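Below is one structure, written out as structure tokens; the observations come after it.
The values are calculated or read from the model by the stated rules, or taken from the named source; none is laboratory data. Keep in mind that what you see is a predicted model, and the values were worked out from it rather than measured. So basically every Cβ, Gly included, is an ideal-geometry build from the backbone, and we count neighbours across all protein chains shown.
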Amino acid sequence: MTGPREYVKDNFLVDYGSFAIMDIDGLSSMAAALPPEQLFAQTSQDGPWFAATANMAVARSRAGYHHIVAITLELWEKEPPVEYEPKAEVHTAEMYSSSGRVRACNSGGETGPVIDLGKPDALWSVRGYRMDTSNPGLDGEFFPDEFDEDDEDMGGYPEGLEEFRFRFWPKDGRGE
């Protein structure tokens, strides 16, 4: 195994310091699924930053309120090796996906590209990497009055503070 079988990568708006990875079917009605607010409460900026339940995972940012991050979703055939990168925090969780297709989304309803995991109605292991990529001169705290209104790409929000990578593989460890 040399790398992911498939991946999607994009720039994405983190708003209110967090974002979700959602199944395209939306929230799960399974009895074991946590409501979004309970899932969010399991995460923090400085502690466990990533948690998952059926059809949804929540990731918390360390870099502040609203900003643009690089986000990558990867599909692996079996458990990938853990990569310890400088300035990276790693956390693994399990996420059930009803459709087998997931994407990043924020509280404003914006969504990132969809990755097809290839197998609906399945439990997935997900390893998340939260990497600080900020300029050492930036403090990571940004507020609306600091936005650059002339920046046309994503609304003037600061960019380059963090990168997120999420690696999915079948929970049973077997590839297809």
**Item:** Pro113 in a loop (DSSP other than H, G, I, E, B), in contact with a Lys or Arg (Cβ under 8 Å, 6 or more places away or on another chain) and not aromatic (Phe, Trp, Tyr)
**Value:** yes
**Fill in**
In the range 83-100, residues that are touching a Pro at 6+ places or on another chain (Cβ under 7 Å) and modelled with pLDDT under 95 total 1
**Prompt:** Across the range 23-57, what is the total count of residues that are under 17 Å from Ser98 (Cα atoms) and surrounded by 13 or more Cβ atoms within 10 Å (Cβ to Cβ)?
**Reply:** 14
**Request:** Output the qualifying pairs, or none if there are none: Cβ atoms under 9 angstrom, residues six or more apart or on different chains, first residue in the range 117-129 and closer than 19 Å to Phe19 by Cα, second residue surrounded by fewer than 16 Cβ atoms within 10 Å (Cβ to Cβ) and among the hydroxyl-bearing types (Ser, Thr, Tyr).
**Result:** Ser125/Thr92; Val126/Thr92; Arg127/Thr92; Gly128/Thr92
**Prompt:** How about the range 35-82: which of its residues are at pLDDT below 90 and among the acidic types (Asp, Glu)?
**Reply:** Glu37, Asp46
